[in-house]
């Protein structure tokens, strides 16, 4: 029921974004999309999980690992809960009885006619990549590493790849991005509480002490 409502609500948005993104569908972008497929399957989960755990061991990088692990747990639970609560079918199922089917089918066939076996909303690949790189970037930005903004290029490419591959509606990707960013920020806030809070309180106390002495 919810999946059908979302189909109807975002049909105009989804078809408009499809038409725009498909201008960039070619052999090169399809190859990138096929590679990005690995970032959200069991191999990608394993790599991200192992890297996050390894970062937890050295004291210097522990905050990055904790942020990523917390984000991963929060995001995975949220994503799977929404997926099965909404139960939205994949576009190659629901678009068959619409006027947009011929256009979609041509691009889906060009991309390889790939099938997925879980609900579409939200995009899991997009969620996982946004949550990992949001958590990492947020902590790096806290450390004054402005180059961390560049990390968002990766999840953006992954999100677009899901549309290029025609296995998700654009609205699935947007939902995955929202869940991923929110989960990543939760990971950052937990890390900030445990790794930065005491330092911030100490700095505030020192500033207060200096102010009192000056007065």
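In this structure, does residue 74 turn out to be farther than 22 Å from residue 34 by Cα, in a helix (DSSP H, G or I) and touching a residue at least 40 places away in the same chain (Cβ under 8 Å)?
Taking the combined requirement at face value, the residue satisfies it.
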Restricting region 90-101 to residues that are in a helix (DSSP H, G or I) and either touching a helix residue (DSSP H, G or I) at 6+ places or on another chain (Cβ under 9 Å) or in contact (Cβ under 8 Å) with a residue 24 or more places away in the chain (or both), the one nearest to residue 173 (Cα to Cα) turns out to be 91
Could you check residue 61 against (1) touching a residue at least 12 places away in the same chain (Cβ under 8 Å); (2) closer than 18 Å to residue 136 by Cβ; (3) in contact with a helix residue (DSSP H, G or I) (Cβ under 7 Å, 6 or more places away or on another chain) and say which number it fails?
(1)
What number of residues in region 102-144 are surrounded by 15 or more Cβ atoms within 10 Å (Cβ to Cβ) and part of a helix (DSSP H, G or I)?
26
Restricting region 155-193 to residues that are surrounded by fewer than 23 Cβ atoms within 10 Å (Cβ to Cβ) and at pLDDT below 95, which is farthest from residue 125 (Cα to Cα)?
193
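Test residue 18 against the stated conditions and say whether it is assigned to a helix (DSSP H, G or I), in contact (Cβ under 8 Å) with a residue 60 or more places away in the chain and closer than 20 Å to residue 160 by Cβ. Show your work before the answer.
Details: assigned to a helix (DSSP H, G or I): yes; in contact (Cβ under 8 Å) with a residue 60 or more places away in the chain: yes; closer than 20 Å to residue 160 by Cβ: yes.
When the stated conditions are applied, residue 18 passes them.
For the condition surrounded by fewer than 15 Cβ atoms within 10 Å (Cβ to Cβ) and closer than 30 Å to residue 106 by Cβ, what is the one hit in 9, 53?
Working: 53 fails: closer than 30 Å to residue 106 by Cβ.
Going through 9, 53 in turn, the sole match is 9.
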Any hit, region 59-72, residues being closer than 19 Å to residue 151 by Cβ, surrounded by fewer than 19 Cβ atoms within 10 Å (Cβ to Cβ) and within 16 Å of the chain's Cα centre (by Cα)
no
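The values are calculated or read from the model by the stated rules, or taken from the named source; none is laboratory data. Keep in mind the model is a prediction, meaning the values are calculated, not measured. Heads up, the Cβs are rebuilt from the backbone with ideal geometry, glycines too, and the neighbour counts pull from every protein chain shown.
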